[in-house]
Number of protein chains: 2
Amino acid sequence: MASTASVPEGSRITVCEVGPRDGFQNEKTFIPTAKKIEIANALFASGLRHMQVTSFVSPRAVPQLADAEEVLAGIDRPEGAWVTALVPNLRGAERAATCKLDAVHTVVSASETHNLKNVNRPVDQSLDEFGAVFEVLKAAGIGVEGGMATAFGCPFEGVVPPEQVARIARRYQELGADSVSLGDTTGMATPQTVRAAIRAIREAAPGLEIHLHFHNTRGVGLACVMTGLAEGVTHYDAAVGGLGGCPFAAGATGNICTEDLVYLLQESGYETGVDLDALIGAALLTQDQIGRPLPGQVLKAGPRLKRHDPKLTVTAAG
Amino acid sequence: MASTASVPEGSRITVCEVGPRDGFQNEKTFIPTAKKIEIANALFASGLRHMQVTSFVSPRAVPQLADAEEVLAGIDRPEGAWVTALVPNLRGAERAATCKLDAVHTVVSASETHNLKNVNRPVDQSLDEFGAVFEVLKAAGIGVEGGMATAFGCPFEGVVPPEQVARIARRYQELGADSVSLGDTTGMATPQTVRAAIRAIREAAPGLEIHLHFHNTRGVGLACVMTGLAEGVTHYDAAVGGLGGCPFAAGATGNICTEDLVYLLQESGYETGVDLDALIGAALLTQDQIGRPLPGQVLKAGPRLKRHDPKLTVTAAG
C-alpha cells in the first residue's frame, strides 16, 4: 500500500469555496443573480481564490442555478482566481465552453445506484461519455476536475470499495483530468475510508492530484480533513456558513463550513491566504440572504482570541 | 520536547460521559431527579462506563444540580462503571465523601482571571487548598481527576502558556491525583495548543495520565481529538447530544457530542465498548427531556451504513 508524508506545517492549503454551487442548489427560494454575485465577490475579497461558482445542470432540474452564465459573467476575478462550475453532461460542457472558466467539475458516482439516480446511466456509460465532454472543454481551453460522488460510501449500496474509487480516478487520469475530487455526498467519509481511498488512488493513478470534498453530516468532516492532511492532501472543498444539505437526513448539515475549515487550518499552522474576519463577514452576508441560522460554528463564536467582556461572570465551569 | 507514539488502531479508548454534569448545569428548567437517573442509566446501558454524573457546587449557584446526592444514590452501576462528580472546594469534597463515588473531578483554571471568576481565588490559592480537599477524598477512598479549566486559552486573557498548564499538572501529580483533565472551557483548543499542552505535561509530570475535555464551540472539537490520538491520549470527555453551552457565545455549541465521538472512534478502528444505536436512543431520550434539538449530528443522520429508501431520487448531487 502506498503511503505518503503528511503536509508539513507552513504549507499553503487550497480551500475551494463551493457554497455558491453545492449550497445554493439546495435552496428553494430563488437567490437573485445580483446577490449571488455579491456573495461570490465578498468571498473572493476575504482572500479565497478557488470557487465553484455555479452548475450547468438542467434549469428545469435546478431552477436556482438557471442563471449560471449571468453569474459567471458578473463576478470579480481577483488575481489568482480559479473559477469552476459543475458540468453533469455534454450539454453542460457546451454551455460551459461559452463562459469564462478556469476548469469544470464533472460528475460520476462511485456507486452504480447513485449514478443511475443522479445522472440516469451506469457508471461505465458516464465514463465513456466523458470522452466527448473532455474534447469540448479542451477545445475551449478549460481544465477538468474529475468529480466523483459517493466516493466514501453510498446511501443506497453502503460500502464503496476503494478499488472502485481508484478505477474511476485512473479513467479520469487517462482522459486528461487535472485532478480527481472525492465527494462525500451524504457524509459517510471516515478517517479509515479517506485513507484507503487516497492510498488506492496513489497506487492506481500516480501523480493525479487529489481533492477532498467532505460533508459534515455526521460531525466528522474536519476530522476527515485531519486525515487528509496526514496523507498529504492539500486541496479541500467547503461551503460558506456550512451551506448545503443532505436530502436524506432532516436537520443534518451539508458541506464542511469554510470558516471552520479556514480556522482549523490557520490554527494548525497552515497558510490559506484568507482573512478570517472578512470571511466571517461574507458568511453573515450569506446567512442574511438565506434567512436562517447556518450551521457554521466560527460564525457564531468568532475567532479564537476574541476576548469577552471582563464584567461577565462565570459559575462552576469545568 | 517529549513526543509519543499515536494510539494504535484497535486500542480501547475511554469515553467519559459528562452530559449529566457539564450539560445539565446549563439547563434553566429543572430536570426531575428521576429523569436524570433514567438518562444516566440509559447511557450506561449503551455500554458507556465512565460518567461524570453531577456536581457538588453550591445549590444556590447551580440549583439544577442540588440533587447530587439523590442522583448518585439512584443510578445503576454496571460492572466496570467509573462514577465521578465535580468538586469545586472543601465543602464539595465533604459532601462527595458521603457518596458512592469512584473519583471526583476538582477544578482550577489555568488562567488567573478565569479562576478568580469561577472560584473566587487566585490559582495558587486553589492549588494550596487542594491539600485539604485531597485528604478528605483520600480518607473516603475516592480518587481524584485533577480538572483544569481554560487549559487551551482563556476568554478573558487569551493565550494560556503550556508552561502554566504543565505547572498545574505537576502540582496535581504531587498532590496524588490519578490524572489531569484539560478543559477546553470556551472552545479555544486547536491542534497546535493541544499538542503543546500534552507535550509540556509529559515533560513536567511524566507518567501522569492525561484526559482531554473539548468543546465544539468553533467546530474543531473532533479534529482536536484526532490530535489527541496522534499524541497518544486515550481518554476523552463528551456530552450526550452535544449538550452544554458556552455562556459567552449565543448559539455556539458546548461539549463535543458523545455519539459523534463514539462514531468517529469506532470508524477509526478503536474500541469504545459502546453500542451506537443504543447511545443514539439515550441521546433521543435526553433531547426529549431538554425539549430542543441538540447539536449532535449522528443523532440526526444515523449510523454510517443506514440505507436510504431506494425509491428516493437525487438531482445534481456533487
| For the subset of segment B:117-169 comprising residues that are in a strand (DSSP E or B) and of a type in the set (A, V, I, L, M, F, W, C), which member is farthest from the other protein chains (Cβ to nearest Cβ)? | B:VAL144
| query | Counting just the residues of segment B:259-291 that are part of a loop (DSSP other than H, G, I, E, B) and away from chain A (no Cβ under 12 Å), which one comes out surrounded by the fewest Cβ atoms within 10 Å (Cβ to Cβ)? | reply | B:GLY291
| said: When the residues of segment B:27-60 are narrowed to those that are farther than 18 Å from B:HIS105 by Cα and within 14 Å of chain A (Cβ to nearest Cβ), which ends up surrounded by the most Cβ atoms within 10 Å (Cβ to Cβ)? | reply: B:GLU27
| said: Based on this model, can you work out whether A:GLY232 counts as in a loop (DSSP other than H, G, I, E, B), at pLDDT below 95 and of a type outside the set (Lys, Arg)? | reply: no
| note | Scanning segment B:199-229 residue by residue, those assigned to a loop (DSSP other than H, G, I, E, B), of a type in the set (A, V, I, L, M) and closer than 20 Å to A:ASP260 by Cα turn out to be B:VAL220
| said: Given the criteria in a strand (DSSP E or B), modelled with pLDDT of 95 or more and surrounded by 20 or more Cβ atoms within 10 Å (Cβ to Cβ), does B:TYR172 qualify? | reply: no
| query | Can you name the condition, by its number, that B:LEU182 falls short on among (1) closer than 26 Å to B:PRO122 by Cβ; (2) part of a helix (DSSP H, G or I); (3) within 17 Å of the chain's Cα centre (by Cα); (4) within 13 Å of chain A (Cβ to nearest Cβ)? | reply | (2)
| query | Out of curiosity, is B:GLY131 over 19 Å from A:LEU312 (Cβ atoms) and in contact with a Ser or Thr (Cβ under 7 Å, 6 or more places away or on another chain)? | reply | no
| task | Kindly list the number of the only condition in (1) at negative phi; (2) away from chain A (no Cβ under 14 Å); (3) not aromatic (Phe, Trp, Tyr) that fails for B:GLY80. | result | (1)
| message | Being farther than 23 Å from B:SER179 by Cα and among the acidic types (Asp, Glu) is the requirement here; does B:ASP76 meet it? | response | yes
| task | Inspect all residues belonging to segment A:90-108 and state whether any of them is crowded, with 17+ Cβ neighbours inside 10 Å, assigned to a helix (DSSP H, G or I) and acidic (Asp, Glu). | result | no
| note | Restricting segment B:185-198 to residues that are closer than 24 Å to B:LEU243 by Cβ and either part of a helix (DSSP H, G or I) or of a type in the set (S, T, N, Q) (or both), the one nearest to the other protein chains (Cβ to nearest Cβ) turns out to be B:THR190
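The values are calculated or read from the model by the stated rules, or taken from the named source; none is laboratory data. Remember, predicted model here, so these are calculated numbers, not experimental data. Cβ atoms come from the backbone with ideal geometry, glycine included; neighbour counts cover every protein chain shown.
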